[in-house]
Amino acid sequence: MKKNKITVSSLLQALFIGIVIFILYLPILIIFLLSIDSSQTGNTFTGVTFEWYKEIFTNKSLYMSIITSFAVALSATCISAFFGTFAAIGIHALSKKAREKVILLNNIPVLNAEIVTGISIMIICSLLIPVIPDFFGYWTMLIAHVFFTMPYVILSVIPKLNELDPNLYDATTDLGVRPFKALWKIVIPSIDTGIISGALLAFTLSIDDFVISYFTSGNGVTNFSNWIYVRLGRKNFTPAAYAFNSLLTIVILIIVLVPQFKKNKKQKAN
Amino acid sequence: MNRFKYLSIPYIIWLIILVVLPLLAMLILSFMDSDSLDLSTAKFSLDNWASLFNQVYLNAFWNSLKIAGIATIICILIGYPISYIISNSHLENKFALIMILILPIWSNQLLRIIAWEKIFYPISIINNIGLSFDLIGTDFAVIFATVTMYLPFMILPTYTVLEKMDKSYVEASYDLGVSRVRTFFKITLPMSSKGIMSGIIMVFLPASTGFAITERLGGGKIIMIGNVIENFFKRSFNYNMGSMLSLVVILIIMGAIVLLSKFDKEGETII
Amino acid sequence: MKKLIFLLIPAIILSCIVLLTGSSSNLYLLNWGEYIDPSLITKFEQEYNTTVIMEEVGSSEDMYQKIKSNITPYDIAIPGDYMVERMYQEDMINKLDLAELSNYSDDMFNDDLTGLRKNSFFEDNEEYCIPYFWGAYCLIYSTRKDYVETTVKANNLDAILNRSVYGEHKDDVKLAMYSVPRFGTTAYLLDNGIDINTNKVSDFTNLVTTMKAANYDLWADDNIKKQIAAGNIDVGFTQLGDFFDQYYLSTRSNEDIQFSCYIPDKTSAFFDAMVIPKTSKNTELAYDFINFMLDTDNSFLNTTYVGYSPTLKSVVNKLKEDDDYTDLISKYPFYIDPLQGKKATLFRYIEEMDDGTNYLDFLQNLINEVKA
C-alpha cells in the first residue's frame, strides 16, 4: 500500500471535492430545514417542529403517492433488468448491421425529450382503451416506466457482453451444458456488474420521473413527483413532502455508508 | 451465442410499437392541421414546418443550446477532474466517496428545484443565516442549478471508465519518460473519452429538453425549446406544432450523435 | 441477477397495495390541487359509503386533456368557466337534471354571479354547471414598501402595465404577470377598454410593446402570490382567490400579513363549476356529490379551507354571522362580494382569431414575443 503523502496539491484536491460536495448537498440541506420549519410557507424559519414527519403517515394522498412511486420504480427496475438483459443478449447476437439499427431504435427513448416520450405512450395506450377499459393507472405507468428504463439496462449490459470472452460460452456448451443453463449459470453472472448498474440507473430515473408519469397516470393513481408537481403552485403543499425526502436521503446515506464502515473496521482489524 | 438472436425479437416488436409508431404518428401530425388527435377534421398543411424559423422558436433553440451547452461544459470541467482525482487516489473508500457524490440524484428533483428557488430569491428562509441572493430570472441561476442537478450524471460514467481503464498503459508511458501532462492528454483522456461521451449525453439531453428548471428558476422569463413544446402539448393542444418541434429536436440530436460517433470508432455504446 | 429477487418481493407487495385500493362504488373526481377540504371528502365517503378517487391537476387545460383522452371515467370535474363552455360545445358534459339536486334552488347563488351567467355566458349554462367558487381578477401587492399601495390604488391596471407610474421607483419595483397567456393578456385588454373575449388580431397590436416595456420580474401562475407574501415581488396580477388562499396560509404559519389586494376599476370575473363529464359511470353518486357540496355547512367548511370566494348566498350569510370572520370581511369586503359593484365579464371559449389562427397559439406567441 502506497503511503498517503499530504501535499499542497492533495489538500487543494480535497478542498475542491469538499466544495463540490457542499454545493451538491446544499439543496438537500435546505429541504431538511424546510421539513422541520413550523411555517408552512417556508418563507421564514418560525420554529422547529416534527409534525410534518408525522403527517407523512396520516396524509393519505401523500403516502399513497409515495407507495405508488416505489411500487412502480421497484417493479419497473425488476422487469427492465430481467427482460433487458435477455434482450441485450439477443441484440448482441445479431449481425453488426442489424445490431446497429436496433441500438438506434433503442436509443430514441434515451435521447428523446421526456414530454415527447410521455405523449407517445399516452397515444398508444389510449388506442387500447376500447379494448381494456380500466387499463390506465398503475399498468400504464408501469409500462411507461419499463419502456424508458429498459434502454438504459440494455446500454449497460451490451458493453459487458462485448468484453466477454466468446469462448467461455462455447466451452460450456461443448462440455454438454444446455444453452439456457449456460446462459443462466455462466454468462449472466459474468455480466453481473452491467445488470446491476443498469438496474440502479433504471431505479434512479423511475423514482424521480414526473413528466412521463403525468401522461400515463389515471384512475387516481399518481406518483410522488406528480403529487408535488400538481401542488407546486396552488397552495403550498405540505412540508411533509420535504420530511419524506429528508428521511429517504438519510436512509440511503445509511445504506451506502454503513457497509463501508464495516469494511473499514474489518480491514483495520486484519 | 448466436442462436440467441431470437431473444431480441420481442424487444424489437416492443420498440416498433412504442417508438416507431409514435414517431410516424408525430410525422403525420406535423404535416396536418388537426384538432389534437382527432384526425377526422384534419387537413394537410405545411404551415407547421413553415413556421419553424419563427424568431420565437429560434430563440428557444438557441436558449436551450446555450444553457444546456454551458452547463454541460461546466459539468465536464468539474466532473471529470473529480472522477480523475478520486480514481487516482489511494483512498480506501473511493467507492463510498463516489456514492456520496451520486446520492443527491435520489432526492426528488422538483424539491431540489424548490430549494434552489429559496436560495436564489432575495427573501426566503436563508435570510435567517444572513444570506440573500437576487438571482431569479438570470441565466446564471438556471445554469448553476442545472449543473448541480446533473453533475452526478457526469461523474458516474467518467469514474467508471477511469476505474476500469488499464493503468499499465499509463505506467508504461511514465516509464518511457513521458511527462504526466502529456501522458494525460495522449493516453488517459482518449481512453476515457467514452465516459465523457456518456456524461455529455446524460447531461445535455435532459438539460436542453427539460422545462421545470427554467420555469421555476428563470422566473418564467427564459424560454427553452422544452417550454415551447410543453405549451403546445399541454396548453393549446396543438399536437401538430408540438410534433413538428419534437421531430426537429430528435433530428438535431440524432445528427449530433452520428457526427460524434465518427470520433468514437468502437460503435454504439452510450454508457 | 439473483439479487433482483430481493427487489421483487417489495415490488409485488407495494404493487398490490396500489392495485387493491378502491372499491366497486367509486366517485372519480377531477379537481384542482388543494381545492377541496380533505375532511369533506372523508365526510362524503362516510355518508354515502363510497370511495372518492380524486385526481388533481394544475389547470383547466389539463382537466380538458384528461377528460378528452377518455382514460379515467371521471364522474365530477371542476373546470374554469371558459373550459365549461368549451366542454359544452364539444359535447363532453352531461345536461344536469336540477330536480335531482334537493339542495338546489335557482336563486341560491350570489346575485352578481347569477347576473353574469345570465347575460354574458352561454345559453342554458345553468343546466350544465353548478358554480363551485368564483372571484375577480385583481392586483395583489406587497405592503413592505409604502409607495406601492398608494400607486396601485391610484393607477389601477397601469400599476402592472406601466412602470413609469412609480416615478422614481420605476426600476426598483418588482412586477409579476400571470404566465397563462389568456390571463396574461387580459390586463392589457382591460386597461385599454377592449373586450376580453375579442378575437380580432388588430386589438392586440400594441400589446407586445407595452408589456415588453413593463419588463416583468416574474412570470408565473400561483407562485406570484407566494413571492408577494414573501416580499420578493411587489405587485402581481392574479386571481382574487389567490389572495385569500395565501392569507390563510400565512396566518396558519404565524407570519405577518405584509400584502394586500386591490380590485381595479376595470376587471374580469371567473368562476369554477362542477360538471358531470360524459365519461361518468356513477352518475347517481355524482349528483349526490354536487348536492353534498351545495349544503350550506359543507360549502362553508370548504370556503374557509380553500380561501376562494363562496358562490352560495347562505354561506356568505354564515360568514357574516361568524365572529371569526367579521374582522376579515370588514377589512376585505371583496371576499364575499368580489365585484364590489364594478362591471365585469366572464371569460368565454374562443377557438380562433379572425385571421384563422388558433386562439391559444396566437396568445402564446404574443407572450413568447414579450418574453424574448
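The table that follows gives values for the structure above.
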{"read-out": "At least 15 Å along the helix axis (C-alpha) and Kyte average at least -0.5, DSSP helices within chain B", "value": "B:55-88, B:109-120, B:139-164, B:193-209, B:239-261"}
{"read-out": "HN-Hα J in Hz across segment C:188-205 - Karplus 6.51, -1.76, 1.60, θ = phi - 60°, x for Gly and Pro", "value": "4, 5, 4, 5, 9, x, 9, 4, 5, 9, 5, 10, 8, 4, 5, 5, 9, 3"}
{"read-out": "Long-range amide H partners of C:E352 with built H, under 5 Å", "value": "C:Y359"}
{"read-out": "Under-5 Å amide H pairs with C:G135, H placed in peptide plane, nonlocal only", "value": "C:F270"}
{"read-out": "For chain A, radius of gyration divided by Kirkwood radius, i.e. Rg to Rh on alpha-carbons", "value": "1.05"}
{"read-out": "Of C:L294, B:T214, A:A98, farthest towards positive along the dipole that unit charges on Lys, Arg, Asp, Glu beta carbons give the protein assembly as shown", "value": "A:A98"}
{"read-out": "For the protein assembly as shown, size of Cβ-based charge dipole, Lys and Arg +1, Asp and Glu -1, in debye", "value": "5400"}
{"read-out": "Of B:K118/C:K320; A:K181/A:K268; A:K97/B:K164; A:K97/B:K66; C:K95/C:K320, pairs whose Cα-Cα distance is over 30 Å", "value": "B:K118/C:K320; A:K181/A:K268; A:K97/B:K66; C:K95/C:K320"}
{"read-out": "Dipole in debye (nearest 20) - chain A, about Cα centre, beta carbon charges: Lys, Arg +1; Asp, Glu -1", "value": "920"}
{"read-out": "Order of C:W219, A:W184 - criterion: other Cβ atoms within 10 Å of each residue's Cβ, fewest first", "value": "A:W184, C:W219"}
{"read-out": "In sequence order, calculated HN-Hα J values of segment A:251-258 (Karplus, 6.51, -1.76, 1.60; Hz; x Gly/Pro)", "value": "4, 5, 4, 5, 4, 7, 8, 4"}
{"read-out": "Mean residue ellipticity (222 nm) of chain C, computed from DSSP H runs ≥ 4 via -39,500 (n - 2.57), nearest 500", "value": "-12500 deg cm²/dmol"}
{"read-out": "Range in chain A, longest, excluding exposed trypsin sites (Lys or Arg not before Pro) [loop by DSSP; at most 15 other beta-carbon atoms within 10 Å]", "value": "A:6-270"}
{"read-out": "Amide H within-cut-off set for C:C261, under 5 Å, with H built and near neighbours excluded", "value": "C:Y141"}
{"read-out": "Cross-link pairs beyond the 25 Å C-alpha cut-off, checked among A:K101/B:K262; C:K68/C:K342; B:K43/C:K371; B:K234/C:K343; A:K101/A:K185", "value": "C:K68/C:K342; B:K43/C:K371; B:K234/C:K343; A:K101/A:K185"}
{"read-out": "Calculated P(r) tail over 26 Å for segment B:6-163, as whole % of Cα pairs", "value": "59"}
{"read-out": "Chain A: most fluctuating residue of A:I154, A:I19, A:I124 per GNM, C-alpha cutoff 10 Å", "value": "A:I19"}
{"read-out": "Quotient of Cα Rg and 2.2 N^0.38 Å for segment A:129-214, N being how many residues it contains", "value": "1.49"}
{"read-out": "Span-rule helices in chain C, defined as complete DSSP H runs reaching 20 Å or more along the axis (Cα) with Kyte mean at least 0.5", "value": "C:4-20"}
{"read-out": "Estimated [θ] at 222 nm from DSSP helical runs (n ≥ 4, -39500 (n - 2.57)) normalised by residues in chain A, nearest 500", "value": "-24500 deg cm²/dmol"}
{"read-out": "In order through segment C:346-357: 3J(HN,Hα) via Karplus (6.51 cos²θ - 1.76 cosθ + 1.60), integer Hz, x for Gly, Pro", "value": "9, 7, 9, 7, 10, 8, 9, 6, 5, 9, x, 6"}
{"read-out": "Cα shape, chain B, gyration tensor, a/c 1.5 rule", "value": "oblate"}
{"read-out": "Highest-fluctuation residue, C:I233, C:I350, C:I13 considered, GNM on chain C with Cα pairs under 10 Å", "value": "C:I13"}
{"read-out": "Environment charge at A:S225 (Cβ cut-off 9 Å; Lys +1, Arg +1, Asp -1, Glu -1)", "value": "-2"}
{"read-out": "Cβ charges +1 (Lys, Arg) and -1 (Asp, Glu), total dipole of segment B:54-261, debye", "value": "160"}
{"read-out": "Residue among B:S89, B:F237, B:S193 farthest towards the positive dipole end of segment B:54-261, charges placed on Cβ", "value": "B:F237"}
{"read-out": "Positive-end residue, segment C:302-372 charge dipole about Cα centroid, Cβ charges, pick of C:V306, C:N365, C:L339", "value": "C:L339"}
{"read-out": "Max mean-square fluctuation residue, GNM over chain B, Cα-Cα springs under 10 Å, options B:N238, B:N128, B:N227", "value": "B:N128"}
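Quick note: the coordinates plus some simple rules give every number you see, no bench work behind them. Bear in mind that the values here come from a model prediction, so they are computed numbers and not experimental data. Positions of Cβ are generated from backbone atoms using ideal geometry, with glycine treated the same way; all protein chains shown enter the neighbour counts.
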